[in-house]
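See below for the structure under consideration.
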Amino acid sequence: MTNILVIDVGTTGLRAAVVDDALAVRTFEYRTCAPTNPAPGLVEFDGAEMATKLLDAARTAIASVGEPISAVGITNQRASVMMWDRTTGEPVGPGLGWQDLRTVGDCIVAKIEHGWALAPNQSVTKVGWLLANTPGLDGRDLCIGTIDSWVAWTLSEGALHISDHTNASATTNGLRLVDGSGWNQAVCDAFGVPVSMLANVVDSVGVCGEATALPGSPPIAALLGDQQASLIGQGCVRPGMAKITFGSGGMLDVCTDNSTPAAASRHEAGTYPLPLWSIDGRLTWGVEGIMLSAGTNVEWLCDDLGLIDEPDESHDVASRCTDTEGVVYVPALMGLGTPRWDYGARGALLGLTRGSGREHVVRAVLEGVAHRGADLLDAATTDTGLDIHTVRIDGGMSRNPTFVQALADAADRPIEVAPVAESTTVGAAFMAGLGVGVWNDIHDLDGLWQPSHVVEPRPDNDHTRSRERWAGAVDRAAGWHADLSALDF
């Protein structure tokens, strides 16, 4: 049996899992590693704490299986940035999370002065901020990298400063050329970023060094951004195959082809291009769409409204009614993403009557998130011209039967539910196994995907009417804060 270790670093925690050559998770260790919010809009994390916890989790997971590890795969939250001293390996300044908004002004200036469409969730302005605002940098030999770079550095005990194309893409990072061939010198110069501090970009698949900090020094054989790993973990590796991850937010990714995009900017319907993986120097491309809040809306029902005690209860309460009786909820607690990028939109609960009850509101919230999922699919279909026949889903909300049925109805497509809620681990394990010869080709995934179940649209589903009502509700939620709605990145 082949054992593959996956290090999966998320926004609020990290896990180390051992996966076998049947892509079954044998064991995993989870460690909380939440960011801090020192002020509104600021999101920081402790790189040293992250390193300590990921090593502890990895060593514990390896010990629990008691067998050698053949390869290591790394997958991670994208665009978060940190800086460290190349000589001592110590972090310098705070790590800046991908949600951090301190550089909104810098993005606006970049658009005015250079015409660059940079967003605050990209790495580039965060890197510029760290270099401009961290004291005591003179004379220090510094490294700057995304989370994959920091994990590889930690596992290799400072031997590797690397990143892969999915983390260093122009879309995610902002410092890279659109075709992935090199760093964008003009952008680096504008933000005062020496290229010598940046990572060496390697393929997503292939042995790039050893994890000498772990028992047996297993080879590091894959690096991937989390959404790309989730796409691969759900077997979506052919054009027209799509997945949506429903976590705190929602992320749609669609495999397209090997054609390099002309620009990193958003397409007409609100999706944007990004590399899905790179093998032997060849990049495979896709598009991505974002729902800014998904599971967050269910947490809102618990923590703020008190309509349910825990997220899992949303299914039980919603199933007490067969429909919302006209109540519609628009999940725009933090604005709208794809296809209508409106940062000033806000959540809206419409159609209430004296007879509207707790169960109608809870069901409306689940259906609202489902309609936003259908919005992402419509946008991807428009932008790619591909016919997306079915959708594969993972994330916490994929375990909610009421929600999954609502998604099938709103999307008017079959929904295939992943056998594990976190497909990132499976995807990173497969790519690491591919890197050491456990599998021969990425399309070997075709025979490995087995959904836990498939949900079809209901026969009596009035898809056209429900989507028309939904579009009207979104119009009412849009533009609530005109100044924020005017921002465009």
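The values are calculated or read from the model by the stated rules, or taken from the named source; none is laboratory data. Because the structure is a prediction, the values reported are computed rather than measured. When we count neighbours, we look across all protein chains shown, and the Cβ atoms used for this are built from the backbone with ideal geometry, even at glycine. Surface areas here come from the heavy atoms of the whole protein model, side chains and all, with no ligands, DNA or RNA. Shrake-Rupley method; radii C 1.70, N 1.55, O 1.52, S 1.80 Å.
Can you name every residue in region 89-104 that is in contact with a helix residue (DSSP H, G or I) (Cβ under 9 Å, 6 or more places away or on another chain), over 21 Å from Leu137 (Cα atoms) and open to solvent by 40 Å² or more (accessible area, probe 1.4 Å)?
Listed by number, the list holds a single entry, Trp98.
Wholly within region 377-489, which helices (runs of 4 or more DSSP H) include no fewer than the required count, namely at least 3 residues that are over 30 Å from Asp342 (Cα atoms) and open to solvent by less than 10 Å² (accessible area, probe 1.4 Å)?
423-435
I'd like the full set of residues that are out of contact with any helix residue (DSSP H, G or I) (no Cβ under 9 Å at 6 or more places or on another chain) and either of a type outside the set (D, E, K, R) or exposed (fewer than 14 other Cβ atoms within 10 Å of the Cβ) (or both), limited to region 57-66.
Residues satisfying the conditions are Ala57, Thr60, Ala61, Ile62, Ala63, Ser64, Val65, Gly66.
Out of Ala132, Ala159, report the one residue that is surrounded by fewer than 22 Cβ atoms within 10 Å (Cβ to Cβ) and in a helix (DSSP H, G or I).
After ruling out the rest, the residue left standing is Ala132.
Name the residue, out of Ile62, Ile69, Ile4, Ile74, that is at pLDDT 95 or above, of a type outside the set (Lys, Arg) and within 20 Å of the chain's Cα centre (by Cα).
Criteria check complete, one pass: Ile74.
Before we move on, is Ala24 open to solvent by less than 20 Å² (accessible area, probe 1.4 Å), farther than 21 Å from Asp100 by Cα and of a type outside the set (Lys, Arg)?
When the stated conditions are applied, Ala24 does not pass them.
Yes or no, residue by residue, for (1) open to solvent by less than 20 Å² (accessible area, probe 1.4 Å); (2) over 24 Å from the mean Cα position of the chain (by Cα); (3) farther than 18 Å from Met82 by Cβ; (4) of a type in the set (Ser, Thr, Tyr):
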position	(1), (2), (3), (4)
Glu113	no, yes, yes, no
Asp141	no, yes, no, no
Asn173	yes, no, no, no
Gly182	yes, no, yes, no
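Are any of the residues in region 289-296 in contact (Cβ under 8 Å) with a residue 40 or more places away in the chain and open to solvent by 60 Å² or more (accessible area, probe 1.4 Å)?
Checking region 289-296: not a single residue is in contact (Cβ under 8 Å) with a residue 40 or more places away in the chain and open to solvent by 60 Å² or more (accessible area, probe 1.4 Å).
Somewhere in region 356-365, is a residue closer than 24 Å to Lys243 by Cα, open to solvent by 10 Å² or more (accessible area, probe 1.4 Å) and touching a residue at least 60 places away in the same chain (Cβ under 8 Å)?
No, region 356-365 contains no residue that is closer than 24 Å to Lys243 by Cα, open to solvent by 10 Å² or more (accessible area, probe 1.4 Å) and touching a residue at least 60 places away in the same chain (Cβ under 8 Å).
With respect to the numbered conditions (1) farther than 17 Å from Ala370 by Cβ; (2) touching a residue at least 24 places away in the same chain (Cβ under 8 Å); (3) not small (Gly, Ala, Ser), which one is the sole condition not fulfilled by Tyr329?
(1)
Exactly one condition in (1) touching a Gly at 6+ places or on another chain (Cβ under 7 Å); (2) surrounded by 24 or more Cβ atoms within 10 Å (Cβ to Cβ) is not met by Ala168; state its number.
Failing condition for Ala168: (1).
State whether the residues of region 216-229 include one that is within 24 Å of Arg340 (Cβ to Cβ), of a type outside the set (D, E, K, R) and modelled with pLDDT of 95 or more.
Checked against the condition, which is being within 24 Å of Arg340 (Cβ to Cβ), of a type outside the set (D, E, K, R) and modelled with pLDDT of 95 or more, region 216-229 yields at least one hit.
Spot the failing condition for Arg78; the list is (1) open to solvent by 10 Å² or more (accessible area, probe 1.4 Å); (2) more than 23 Å from Trp277 (Cα to Cα), and only one is missed.
With respect to (1) open to solvent by 10 Å² or more (accessible area, probe 1.4 Å); (2) more than 23 Å from Trp277 (Cα to Cα), Arg78 is out only on (2).
Among (1) modelled with pLDDT under 95; (2) crowded, with 16+ Cβ neighbours inside 10 Å, which single condition is Ala262 missing?
The one condition Ala262 does not meet is (2).
Kindly provide the set of residues from region 241-298 that are among the acidic types (Asp, Glu) and more than 19 Å from the chain's Cα centre (by Cα), ordered by number.
Asp257, Glu268, Asp280
Determine whether Lys126 is over 22 Å from Ser156 (Cα atoms) and crowded, with 20+ Cβ neighbours inside 10 Å.
Answer is yes for this residue.
I'm trying to understand the selection: among the residues of region 319-348, which are in contact with an Asp or Glu (Cβ under 6 Å, 6 or more places away or on another chain) and acidic (Asp, Glu)?
none
Return the residues of region 188-215 that are touching a Phe, Trp or Tyr at 6+ places or on another chain (Cβ under 7 Å) and open to solvent by less than 10 Å² (accessible area, probe 1.4 Å); say none if nothing qualifies.
Result: Ser204, single match.
State all residues of region 243-255 that are crowded, with 24+ Cβ neighbours inside 10 Å and either within 18 Å of Glu299 (Cα to Cα) or of a type in the set (S, T, N, Q) (or both); if no residue qualifies, say none.
Result: Thr245, Phe246, Gly250.
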